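Chemist: The structure follows.
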Amino acid sequence: MLKPSAVLFDWDSTLVDNWPGVTVAMNAALTAFELQTWTETEMRARAKRSMRENFPGIFGPEWERARDIFYATFEERHLDGLRALPGAEELITELQDRSIMLGVVSNKNGDFLRAEVERLGWVGYFHRIIGATDAARDKPARDPVDLALAESGHEPGEGVWFVGDSLVDLQCGLASGCVPVLVGNDPISEEDLEKWPPAFHFRDCHDMRLSLTD
């Protein structure tokens with residue numbers, strides 16, 4: 001296995017779990033528009049792309065009002081429900097100890113993302129923490145990857161891994177020229193995996209850390 005010199009991580013369902021707060025905020029917006037609310041499972045499946053890509057299709061021309069409702073609700077509770085996934089802190093600590101540069105590229109709003117990283121005390125691990133709207137385009141476009149690697153001394157290529165749990169992360173890794181790495185077992189169709197294949201697939205953060213330290 002080639003060992004990376006830099007690793008860019010997705011955030012939700014890759015390093016942390018904050019889906020209860022996201023689901024409550026989404027349902028506040030859906031209810032305000034008299035739309036059917038979602039379960040947490042549905043929220044996980046439908047929230048892979050950024051808000052500016054998803055919301056116009058769900059809420060129509062008034063999607064910015066839905067955005068404001070979502071953010072107002074989410075701001076009240078997103079830090080309270082935040083928790084690191086098992087093995088996540090051990091993984092990033094191990095990588096930092098090995099002088100591997102780390103960054104975050106997420107489709108979560110950048111301000112909320114950085115507040116969550118700070119709440120966990122992880123700011124010092126990452127060169128850049130890039131969220132939705134920080135770059136000209138969001139994942140799966142390569143723009144946030146380029147922004148995350150800026151001034152790091154690293155360029156997209158076989159030495160830079162893009163690690164995430166979803167198809168969007170695989171697409172972004174491949175679009176940016178990084179090594180796409182899948183973590184977890186979120187459902188992705190065989191057809192999509194053939195079209196956007198991961199170079200490596202780990203069960204979880206524990207599995208990734210052990211594989212890199214063998």
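The values are calculated or read from the model by the stated rules, or taken from the named source; none is laboratory data. Computed from a prediction, not measured in an experiment: that's the story for all the values here. Reconstructed Cβ throughout: ideal geometry from the backbone, glycine too, with neighbour counts over all protein chains shown.
Chemist: Given (1) surrounded by fewer than 18 Cβ atoms within 10 Å (Cβ to Cβ); (2) touching a Phe, Trp or Tyr at 6+ places or on another chain (Cβ under 7 Å), identify the lone condition not met by residue 25.
Modeler: In the conditions (1) surrounded by fewer than 18 Cβ atoms within 10 Å (Cβ to Cβ); (2) touching a Phe, Trp or Tyr at 6+ places or on another chain (Cβ under 7 Å), residue 25 misses (1) alone.
Each row is one residue, and each column tells you yes or no for (1) within 17 Å of residue 109 (Cβ to Cβ); (2) touching a helix residue (DSSP H, G or I) at 6+ places or on another chain (Cβ under 6 Å); (3) in contact (Cβ under 8 Å) with a residue 12 or more places away in the chain.
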{"residue": "16", "(1), (2), (3)": "yes, no, yes"}
{"residue": "24", "(1), (2), (3)": "yes, no, yes"}
{"residue": "31", "(1), (2), (3)": "no, no, no"}
{"residue": "40", "(1), (2), (3)": "no, yes, yes"}
{"residue": "47", "(1), (2), (3)": "yes, no, yes"}
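Chemist: Regarding residue 53, is this residue of a type in the set (Asp, Glu), surrounded by 15 or more Cβ atoms within 10 Å (Cβ to Cβ), outside the structural domain of residue 166 (by TED's automatic domain parsing) and at negative phi?
Modeler: Yes, satisfied.
Chemist: How about segment 56-76: which of its residues are surrounded by 15 or more Cβ atoms within 10 Å (Cβ to Cβ) and hydrophobic (A, V, I, L, M, F, W, C)?
Modeler: Correct list: 58, 59, 63, 66, 69, 70, 74.
Chemist: Now, a different point. Using beta carbons and a limit of 8 Å, which pairs, at least six apart or on different chains, have the first residue in segment 136-147 and under 10 Å from residue 171 (Cβ atoms) and outside the structural domain of residue 169 (by TED's automatic domain parsing) and the second one assigned to a loop (DSSP other than H, G, I, E, B) and basic (Lys, Arg)?
Modeler: Between residues of segment 136-147 that are under 10 Å from residue 171 (Cβ atoms) and outside the structural domain of residue 169 (by TED's automatic domain parsing) and residues that are assigned to a loop (DSSP other than H, G, I, E, B) and basic (Lys, Arg), there is no close pair.
Chemist: Given (1) over 14 Å from the mean Cα position of the chain (by Cα); (2) in a helix (DSSP H, G or I); (3) not assigned by TED's automatic domain parsing to the domain that holds residue 25, identify the lone condition not met by residue 112.
Modeler: Going through the list (1) over 14 Å from the mean Cα position of the chain (by Cα); (2) in a helix (DSSP H, G or I); (3) not assigned by TED's automatic domain parsing to the domain that holds residue 25, residue 112 breaks only (1).
Chemist: Pick out, from segment 36-86, the helices (runs of 4 or more DSSP H) lying fully within it that include 2 or more residues that are under 29 Å from residue 189 (Cα atoms) and under 20 Å from the mean Cα position of the chain (by Cα).
Modeler: The helices (runs of 4 or more DSSP H) meeting that bar are 40-46, 51-59.
Chemist: Keeping to segment 9-25, report how many residues are outside any strand (DSSP E or B) and at pLDDT 95 or above. Give the steps one after another, and end with the answer.
Modeler: Residues of segment 9-25 outside any strand (DSSP E or B): 10-11, 13-15, 18-25.
Filter once more, so that each one left must be at pLDDT 95 or above: 10-11, 14-15.
The qualifying residues number 4.
Chemist: Identify all residues within segment 165-214 that are in contact (Cβ under 8 Å) with a residue 24 or more places away in the chain, over 17 Å from residue 100 (Cβ atoms) and of a type in the set (Gly, Ala, Ser); write none if there are none.
Modeler: 166, 175, 176, 177, 184
Yes/no matrix, rows are residues, columns are (1) of a type in the set (Lys, Arg); (2) surrounded by fewer than 19 Cβ atoms within 10 Å (Cβ to Cβ); (3) not in a strand (DSSP E or B):
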| site | (1), (2), (3) |
| --- | --- |
| 135 | no, no, yes |
| 138 | no, no, yes |
| 145 | no, no, yes |
| 153 | no, yes, yes |
| 157 | no, yes, yes |
| 174 | no, no, yes |
| 180 | no, no, no |
| 187 | no, yes, yes |
| 197 | no, yes, yes |
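Chemist: State yes or no: is residue 128 at pLDDT 95 or above, basic (Lys, Arg), in contact with a helix residue (DSSP H, G or I) (Cβ under 7 Å, 6 or more places away or on another chain) and more than 23 Å from residue 78 (Cβ to Cβ)?
Modeler: Values: at pLDDT 95 or above: yes; basic (Lys, Arg): yes; in contact with a helix residue (DSSP H, G or I) (Cβ under 7 Å, 6 or more places away or on another chain): yes; more than 23 Å from residue 78 (Cβ to Cβ): no.
No, not satisfied.
Chemist: OK, next. Consider residue 203 carefully, then state whether it is surrounded by fewer than 18 Cβ atoms within 10 Å (Cβ to Cβ) and assigned by TED's automatic domain parsing to the domain that holds residue 111.
Modeler: Yes, satisfied.
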